[in-house]
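Below is one structure, written out as structure tokens; comments come after it.
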Amino acid sequence: MLKPKELEELVDQNLISQQQALEISQYYDKRRVSQPNRLSLILGAFGAIFVGLAIILILAHNWDTFSKNVRIIIAFLPLSLSQILAGYVLIRKDASSSLKEVGGIIWFFSLATTIFITSQIYHVSDPEGQFYALWVALSIPVVYLLNASILAMLSIVVITWYVLAYGFGDDTNLIFGYFYGIIATLLPYYILLIRRHAHRNAVYWLHWLFASAIILSLIPLGVNAGVVLLFAFMALFTLFYHLGHLYWFEGIPSAANAYLQTGRIGMVITLFVVGFSGFWDEVQESWHDGEILSSPLFVVLIVLSIIAIGLYIRRKQWQWQHLIDLDLILIPMFILLLTVHAYFFILANLLALAVGVMIMVRGIRGDSLLTINFGLFIIAMLILSRFFESDLSYLIRGLAFAIIGIAFFMTNYYLTKKSHRHE
């Protein structure tokens, strides 16, 4: 931001007019007002949480002395106060972002207090955890009313915990219906934030929370179909990889692009897993028993695969070398699943090796030391994992480790020397 003295200096040097200086000053003033004060937001959030906890503890100390009507009033009092605060924020057109976020946090925990205290008063049990789904569902409208990104984050965290805590039971369809329903209702707000404020920290956090929630939600679905779960993860990571290349995520820091990073790392990890021969023995057994096709996760696998391929087609035209790149790695793995054979772990290892080599080639062409080391790391981990699975002697393993270490040293030395020459 330019200081007033700097603007005056630009005007004196006839670089800008007095009117332009005024417009620049007004622009920065407006920008400063629209951006949330992080310190104020953090302090306000912690203040609201600790005050709420203090009130709960004080009331809990005297809870048995209150009558039923008094308990009901106490249960709804926090929610009523949070609604008054939310109404005040909505009425005030100039309300700061910090005040909106604090209002959303207070609403979120006040609603939880009302729901769980009321259930305790009337002795309503909740063995399936539907109170958590109700808690989050009633908070979604406030996300849109107050434009409260932290409230959206809290909603994702709670609904993800709900799936992991109760998704392993018998009534999984209803639980996953709640989860994906909540995620779907938050998507418009999430997309709106990406389009308007793509470079805010809150949006970066939402990237990681959405990606993590979707990844974790697959775990309960595959509790009895571990083989299909791994292929579903492969499809999801491929989808994330292509999603992270969309124009929405251009220009953001690499660490903030949760979809691209989880896609890359996830596909490499799953490639290592499918390279073990024991894994394909389980695949073959599950295939002959009919467990793969009968699993609900198999439908999820098909859907994720179709979406991933659609994103790839939208992103670029197909080229044959993409089969050994990180782009269409899903396709050969999916073919392996449909034509199961005990020796396909060899093809899986060759595919992982091709991925490592392709990444190294890409890094050499782009003079990227990080990319080259990532390719070397994939190849090294592939070799190491195969050695631990084989019956080779310690001498051969030691020589292989030494060769890998020398390769790392020589490659980094060569590239570092090359970069110094260009400088």
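The values are calculated or read from the model by the stated rules, or taken from the named source; none is laboratory data. Keep in mind that what you see is a predicted model, and the values were worked out from it rather than measured. Cβ atoms come from the backbone with ideal geometry, glycine included; neighbour counts cover every protein chain shown.
Rundown of residues vs (1) touching a Lys or Arg at 6+ places or on another chain (Cβ under 6 Å); (2) farther than 19 Å from ILE183 by Cα, yes/no style:
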site	(1), (2)
LYS100	no, yes
THR113	no, yes
SER125	no, yes
LEU138	no, no
LEU146	yes, no
Within segment 104-158, the residues that are among the charged types (D, E, K, R) and more than 23 Å from ILE73 (Cα to Cα) are GLU128
TYR178 passes all but one of (1) farther than 16 Å from SER217 by Cα; (2) in contact (Cβ under 8 Å) with a residue 40 or more places away in the chain; which number fails? (1)
Looking at the structure I just gave you, is ALA75 over 22 Å from ALA213 (Cβ atoms), of a type in the set (Gly, Ala, Ser) and assigned to a helix (DSSP H, G or I)? yes
Look at segment 118-137 and say how many of its residues are of a type outside the set (Asp, Glu) and out of contact with any helix residue (DSSP H, G or I) (no Cβ under 6 Å at 6 or more places or on another chain). 10
Does segment 250-257 include one or more residues that are at pLDDT 85 or above, among the aliphatic types (A, V, I, L, M) and buried (at least 20 other Cβ atoms within 10 Å of the Cβ)? no
Could we say that ALA198 is closer than 24 Å to HIS245 by Cα, at pLDDT below 90 and surrounded by fewer than 20 Cβ atoms within 10 Å (Cβ to Cβ) here? yes
Just one of SER25, SER34 is modelled with pLDDT of 65 or more, of a type in the set (Ser, Thr, Tyr) and either surrounded by 12 or more Cβ atoms within 10 Å (Cβ to Cβ) or under 16 Å from ALA148 (Cβ atoms) (or both); which is it? SER25
Count of segment 166-188 residues which are of a type in the set (Ser, Thr, Tyr) and surrounded by fewer than 18 Cβ atoms within 10 Å (Cβ to Cβ): 3
Mind checking whether some residue in segment 117-137 is more than 25 Å from TRP208 (Cβ to Cβ), without any contact (Cβ under 8 Å) to a residue 12 or more places away in the chain and aliphatic (A, V, I, L, M)? yes
Among VAL163, VAL142, which is the only one that is in a helix (DSSP H, G or I), buried (at least 17 other Cβ atoms within 10 Å of the Cβ) and touching a Pro at 6+ places or on another chain (Cβ under 7 Å)? VAL163
